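Colleague: Mind having a look at this structure? Questions to follow.
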Amino acid sequence: MIPSLVLLLVGAICFYISTPHRLGRGAINFCEAGQIHTLDPDKMTWMQDIRVAMGLWEGLAQYDPKTLQPIPGVAKSWTISPDGLIYTFHLRHNARWSNGQQVTSEDFLFAWKRILHPSTAAGYVTMLFHIAGARPYFNSLAAHPRHHKPFSSVGVKAPNPRTLVVTLTHPCGYFLSLMAFPPFFPLNPAAMARFRTPEHGIASAHYNPRWTRPPYLVSDGPYYLAAWKFHQYLELRPNRYYWDRRAVRCTTLYVRNFPDTQSAFLAYQSGAVDVLSFVPPRFAPALLRQQRLHLRDDVHYLPVFGSYYYNLNCRHKPLNNPLIRRALDMAIDKQAIVKHILRVPDRPLEVLVPPDSIPGYHSPRGLPMDIAAAQKLLAQAGYPGGRGLPIFKFLTNSGAAMNIRIAQAIAEMWRKNLGVRINIHEEESKIFNQDVVHGHYDIARAGWYGDYMDPTTWLDLFRTGNPNNLTGFSNRRLDQLLHQASRQADAARRLALLHDAEKLLVTRWMPAIPLFQYSDGLMYNPKRIGGLATNIRMITLLKYIHWIQQPLPTVTEGRR
């Protein structure tokens, strides 16, 4: 172990020396837990992509850095009709793109029309279904690409360049919060026009991804994209035209990623990185112990609005049988996973939505660990003692050794308790993502951080047709409950319907196995770095990051 750690430290130092990490005063190195998959706001679902997007773009609203409540962004103000259905946004006269052009209401219409086109393959397209006519428009495009409903049938109108009127199908208490989220960001149609490509001879919303790369990417947020060196770093610099330019105090922000979290931590320890967007799982127990002993003050860690779970592929036999899925859940000692492998204050979960996190929502009881009952379920399914079952293909993404350790422990529990066997496959992040999206797995590691403070941010993951439904699960009763809840005006009754939906998911259908609630955080020296704060949603607003006390430059321009 010691020699390997030494080699990793040497590698981190070499990386530190060979790359531009602090060229002049003011540069900050911010390290993500994984590589950037895309900078297309309409296609992103990974946390690291979303975090960068919030630095490059700004929606009608933005998040308050302290409360995370929606506050004016591109829209300086808005009004809401008494019935909660019509939102009228008034855009700032000084909201501008990074090329100096004015941001207009038509830019929002362009972006929302694009995300509602099936060819965009947007993971969060269903978020726009709160808007009147959006779902029928999307469905008509999917069914009849040449003869579909007009976009004018969707409840978004731009009466003038600085006014946007949005009509909802039903009141949505968190709609303003969605306005600060990437699927609702504007896009610059002029900058993207040269990259538009037809699909099967039909004009579509498909664009060559080069539009998201420098120097072509035009954004309207605190920063613009100055450089992107794949698998190494993004270079962000302040957008001189941003309406709130004075709030951006970082002259250069490097968003870095390393092959794995251990290498990233060693780079942080060496000084090559100023901020980690995570607390490395492997070192977390020791780091938290040092924090409790007041030996370090750079660990910022708390329970968050996120769940770690396993997706079960419900498309194919034999995992299309809920009896087998429930048996797999009940044969896992989740408490032992947390206590002996994670060794941090994560909470074992029987449910998907982290309990006690949403005011007014009461979590159901999930299935307890019960090996005898699990064995009985497996026998009922026709596989007593696991006989006749195939060896399941288990997928996890590379770069986090903890995922492998958890999978190995659960594999042994399933072998011992049920006679079920799995083959563990570790894949590079993008390949892993593609294989899961296309259903090339039996069981796959998964994790989700809530995008807004409502149970539907999890429950919609299992709705029929949701692009983020990676299990292939489809159930008419669940769809009905979610539909009824979306039309329910009484808040308490609505949450009760969602409680019933989650209860069925975690006690009867089990398309995913909940394992534990994430604890997560940041690592940075609070005496040197300001503008950061940990919060339950793990939203890190890069707009506000800045030096309080800068270290002296250690690498000169000539060594680049």
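Colleague: Pop a pseudo-label 7 angstrom from the Cα along the beta-carbon direction at both His37 and Lys149 and give the gap in nm to one decimal.
Modeller: For the pair His37/Lys149, the computed spacing is 2.8 nm.
Colleague: Please compute the volume of the convex hull spanned by the alpha-carbon atoms of the range 306-518 and report it per residue in Å³. Show your work: numbers first, answer last.
Modeller: Values: hull volume 24.0 nm³, N = 213.
It comes to 113 Å³ per residue, whole-number rounded.
Colleague: Moving on. Only four residue types carry charge here, +1 at the Cβ of Lys and Arg and -1 at the Cβ of Asp and Glu. Report the dipole size of the chain about the Cα centre in Debye, rounded to the nearest 20. Kindly include the intermediate steps, with their values, before the conclusion.
Modeller: Working: 62 positive and 38 negative charges, 63 e Å.
Its charge dipole is roughly 300 debye.
Colleague: Take Gln335 and Glu412, extend 7 Å from each Cα along the Cα→Cβ direction, and tell me the distance between the two endpoints in nm.
Modeller: 1.9 nm
Colleague: Which value, in debye to the nearest 20, describes the size of the charge dipole of the range 306-518 about its Cα centre when Lys and Arg Cβ atoms bear +1, Asp and Glu Cβ atoms bear -1, and nothing else is charged? Write out the running numbers ahead of the final one.
Modeller: On the way: 26 positive and 19 negative charges, 132 e Å.
So the magnitude is around 640 debye.
Colleague: Please tell me which of these pairs span more than 23 angstrom C-alpha to C-alpha: Lys317/Lys376; Lys149/Lys430; Lys76/Lys527; Lys334/Lys376; Lys339/Lys416?
Modeller: On the way: Lys317/Lys376 19 Å; Lys149/Lys430 35 Å; Lys76/Lys527 33 Å; Lys334/Lys376 20 Å; Lys339/Lys416 20 Å.
Checking Cα-Cα distances, Lys149/Lys430; Lys76/Lys527 exceed 23 Å.
Colleague: List Trp458, Trp228 from most exposed to least, where exposure is judged by having the fewest other Cβ atoms within 10 Å. The partial results should precede the final answer.
Modeller: On the way: Trp458 25, Trp228 17.
By the 10 Å Cβ count, ascending, the order reads Trp228, Trp458.
Colleague: Where nothing but the Cβ of Lys and Arg (+1) and of Asp and Glu (-1) is charged, how large is the charge dipole of the range 399-453 around its Cα centre, in debye to the nearest 20? Can you show the working numbers first?
Modeller: Details: 6 positive and 7 negative charges, 61 e Å.
Result for the range 399-453 is approximately 300 debye, rounded to the nearest 20.
Colleague: Within 10 Å of each residue's Cβ, count the other Cβ atoms and sort Leu378, Leu389 from fewest upward. Kindly include the intermediate steps, with their values, before the conclusion.
Modeller: Working: Leu378 27, Leu389 18.
Final ranking by Cβ density, sparse to dense: Leu389, Leu378.
Colleague: Here is a further query. Which one of Met523, Leu482, Tyr449 is farthest out on the positive end of the charge dipole of the range 448-560, using unit charges on Cβ (Lys, Arg +1; Asp, Glu -1) and the Cα centre as origin?
Modeller: Value computed over the given set: Met523.
Colleague: Which helices pass in the chain if a helix is a full DSSP H run, must span at least 30 angstrom along its long axis by Cα, and must have mean Kyte-Doolittle hydropathy not below -1.0?
Modeller: Sorted by number, there is nothing, because no helix extends far enough and scores high enough.
Colleague: Which residue, chosen from Asn321, Tyr242, Pro303, occupies the Cα position most advanced towards the positive end of the dipole of the range 216-330, where the dipole is computed from +1 (Lys, Arg) and -1 (Asp, Glu) charges on Cβ about the Cα centre?
Modeller: Asn321
Colleague: Sticking with this structure for a sec: Find, among the trypsin sites (Lys or Arg not before Pro) in the range 99-187, those assigned to loop by DSSP (not H, G, I, E, B) with at most 14 other beta-carbon atoms within 10 angstrom. Walk me through the intermediate numbers first.
Modeller: On the way: sites: Lys113, Arg114, Arg146, Lys157, Arg162; in loops: Arg146, Arg162.
Passing both the DSSP loop test and the Cβ count: Arg146.
Colleague: I'd like the distance separating the alpha-carbon centroids of the range 178-237 and the range 337-382, in whole Å.
Modeller: 40 Å
Colleague: Moving to a separate point now. Among rounded, prolate and oblate, which fits the range 20-121 when a ≥ b ≥ c are the square roots of the eigenvalues of its C-alpha gyration tensor, a/c under 1.5 means rounded, and a/b larger than b/c means prolate? If you can, show how the numbers build up before the last one.
Modeller: Values: a/c = 1.79, a/b = 1.47, b/c = 1.22.
It comes out prolate by the Cα gyration axes.
Colleague: When Leu498, Leu481 are ordered from fewest to most other Cβ atoms inside 10 Å of their Cβ, what list results?
Modeller: Numbers: Leu498 26, Leu481 22.
Final ranking by Cβ density, sparse to dense: Leu481, Leu498.
Colleague: Given the DSSP H assignment, sum -39500 (n - 2.57) over each helix run of at least 4 residues in the chain and divide by its residue total; what's the result at 222 nm in deg cm²/dmol, nearest 500?
Modeller: Details: 15 runs with 150 residues, N = 560.
Per the formula, -8000 deg cm²/dmol.
Colleague: Right, something else. Which listed residue (Ile422, Thr251, Tyr268) has the Cα farthest towards the positive end of the charge dipole for the chain, taking +1 on Lys and Arg C-beta and -1 on Asp and Glu C-beta about the Cα centre?
Modeller: Thr251
Colleague: Another question about this same structure. Do you know the relative contact order of the chain, to the nearest whole percent, from alpha carbon pairs under 8 angstrom that are 6+ apart?
Modeller: Numbers: 1124 pairs, mean separation 109.4, N = 560.
Relative contact order comes out at 20 percent.
Readers should treat all values here as calculations from the given coordinates under stated rules, not as data from a laboratory. Everything quoted here is computed from the prediction, not taken from an experiment. Please note: Cβ atoms are built from the backbone with ideal geometry, for glycine as well, and neighbour counts cover all protein chains shown.
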